[in-house]
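These notes are about the structure you will find just below.
The values are calculated or read from the model by the stated rules, or taken from the named source; none is laboratory data. Keep in mind that what you see is a predicted model, and the values were worked out from it rather than measured. Using ideal geometry, Cβ is built from the backbone for each residue, glycine included, and neighbour counts are taken over all protein chains shown.
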Amino acid sequence: MPQPLKHSLYVKGTTEQQSKQDFVSGLRGFLLNDMAANMKECFESEVQPQMIRDQKKLETGEDVHDAIKSKNVFKFYSSMRYNAQEMVWRNALRAIHESKNELDSRINAIKNEQSASKLHLDPSLAIPKNVSSVDVHLAPGSYYREDGSANWVGGALYDHGLNIFSFGMMGSNLDDIGQSMAQYIRKKFPDFAPKTILDLGCTIGHNTCAWKITYPEAEVEGIDVAPACLRYGNARALDQGVDVNFKQMDASALSFENESVDVVFSSMFLHELSVKNIKRVLAEAYRVLRPGGLMLHMELPPNDSLEPYDAFYLDWDAYYNNEPFYKAFRDQDFTQLRIDAGFQKDKLIDFITPQYTYMDSETYTKAIKVDADIDENTGRLAEGIQWFGFGAWK
Ligand SMILES: C[S@@+](CC[C@H](N)C(=O)[O-])C[C@H]1O[C@@H](n2cnc3c(N)ncnc32)[C@H](O)[C@@H]1O
């Protein structure tokens, strides 16, 4: 179920709106847990044996997709998921629109009360097509929507939509990914004391703030191309008393100096870029990192690390959820991508972490002592999810 978010920009909505949001969240939970399990069972008991009998190739997610797509369970799962996705945004948007004036006053009050110097927009920045011309994951207007004077709606939509979408799996402030990644680094590398941390494609800064909370001494910067998200993210962080700078900037052409940053982080970002652009972003990360610094990306695991069925399952979004670059990214050799960007092979890191905010610190510390392998729960929003991180030390 969606959680009441821990900031004053959270729109609770009317009882009717809350019920609808609970319904959509619950539906997504049902689809991604129960129905997904039914679909896998259908694959194992019917589709796979038939493929073997027919001597069909079963090496990749595409092979599975081709074989399963005529099955009713797949059609039902897919149409339900598509519709649930549209309902996520529709319901979030309705609640936001109905509270627009109130939210507008709250955002302005936060900005007036506290320093606006934490937000740097660049109206001359060209918005890349992956943001301006696609309704990414079916969100109307995507990250780039501008709603007249309510020029923060795109950010509010992401916050409230993600809350419905994630059915309680992303932490009580939607920051479990950031907290888990930052805590993993803090606990595994206790001597590492970053002074500057940069979050690429930060959207509304929910995971950026987690780095500031984990490393309070560091200067933390979140960059994104979408102004509505940055405006809202700035107010959201100020409201929670978290000191983060938000800058409108393209991650493939950073305005940071060479060797000026200790951590270059991103979460759920690279899969929304073309492969050509990913290569530019990784090269930029290498350029701005200080020697001894860390590049770290939380992402979906690469296809070559998964069984064909699990690769198919995660690639669903590329076919049916307006995620045009998702599969091409996951088809890459993640080791080679990093080496091509300048990193040394013996300095690469890959890891799995459980959800930090769902356990006490001691249990988490014990859990990460054992190196886990990528499995069907990695990056997959359902019970038992674990996050995947990959990167490199410079
Ligand atoms: C899926 S969201 C990232 C979500 C967020 N990091 C999180 O942890 O949930 C992708 C973000 O990347 C931004 N983006 C896309 N291309 C970009 C680019 N070239 N430079 C900077 N930001 C970009 C989008 O505006 C969007 O906010």
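Of all residues assigned to the range 139-161, none qualifies as being assigned to a loop (DSSP other than H, G, I, E, B), assigned by TED's automatic domain parsing to the domain that holds residue 227, more than 14 Å from the chain's Cα centre (by Cα) and basic (Lys, Arg). Name the residues in the range 359-391 that are among the β-branched types (Val, Ile, Thr) and touching a residue at least 24 places away in the same chain (Cβ under 8 Å), would you? The answer is 365, 368, 374, 378, 385. Each residue in the range 185-215 was checked for being over 15 Å from the mean Cα position of the chain (by Cα), surrounded by 24 or more Cβ atoms within 10 Å (Cβ to Cβ) and over 17 Å from residue 261 (Cα atoms), and 0 of them qualify. Do the conditions hold for residue 338, that is, is it surrounded by 18 or more Cβ atoms within 10 Å (Cβ to Cβ), under 26 Å from residue 138 (Cα atoms) and either touching a Cys at 6+ places or on another chain (Cβ under 9 Å) or basic (Lys, Arg) (or both)? When the stated conditions are applied, residue 338 does not pass them. Take the conditions at pLDDT 95 or above, of a type in the set (A, V, I, L, M), closer than 25 Å to residue 191 by Cα and surrounded by fewer than 21 Cβ atoms within 10 Å (Cβ to Cβ) and apply them to residue 264. Does it pass? When the stated conditions are applied, residue 264 does not pass them. Those helices (runs of 4 or more DSSP H) of the range 4-107 in which 2 or more residues are among the aliphatic types (A, V, I, L, M) and touching a Ser or Thr at 6+ places or on another chain (Cβ under 9 Å) occupy 72-98.
If you go through the range 280-318 and pick out every residue that is basic (Lys, Arg) and either within 23 Å of residue 137 (Cβ to Cβ) or in contact with a helix residue (DSSP H, G or I) (Cβ under 6 Å, 6 or more places away or on another chain) (or both), you end up with 1. May I ask you to say which residue of 368, 385 is under 30 Å from residue 62 (Cβ atoms) and of a type in the set (A, V, I, L, M)? Going through 368, 385 in turn, just one is under 30 Å from residue 62 (Cβ atoms) and of a type in the set (A, V, I, L, M): 385. Within the range 166-194, residues that are within 30 Å of residue 23 (Cα to Cα) reach partners that are more than 11 Å from the ligand (Cβ to nearest atom) and small (Gly, Ala, Ser) with beta carbons closer than 6 Å, at six or more positions or on different chains, in the pairs 167/25; 167/29. Residues that are assigned to a loop (DSSP other than H, G, I, E, B) and more than 26 Å from residue 274 (Cα to Cα) within the range 116-132 comprise 116, 117, 118, listed in sequence order.
Need at least 2 residues that are assigned by TED's automatic domain parsing to the domain that holds residue 271, touching a residue at least 40 places away in the same chain (Cβ under 8 Å) and under 19 Å from the mean Cα position of the chain (by Cα) per element, so show me which helices (runs of 4 or more DSSP H) inside the range 302-346 make the cut, counting only ones lying wholly within it.
In the range 302-346, the matching helices (runs of 4 or more DSSP H) lie at 308-320, 326-330.
For the range 201-216, enumerate the residues that are of a type outside the set (Ser, Thr, Tyr) and away from the ligand (no atom under 15 Å from the Cβ). The answer is 216, and nothing else. Here residue 213 fulfils each of the conditions (1) hydrophobic (A, V, I, L, M, F, W, C); (2) assigned to a helix (DSSP H, G or I); (3) in contact with a Gly (Cβ under 6 Å, 6 or more places away or on another chain) apart from (3).
Out of 162, 198, 174, one residue alone is within 12 Å of the ligand (Cβ to nearest atom), among the hydrophobic types (A, V, I, L, M, F, W, C) and at positive phi. It is 174.
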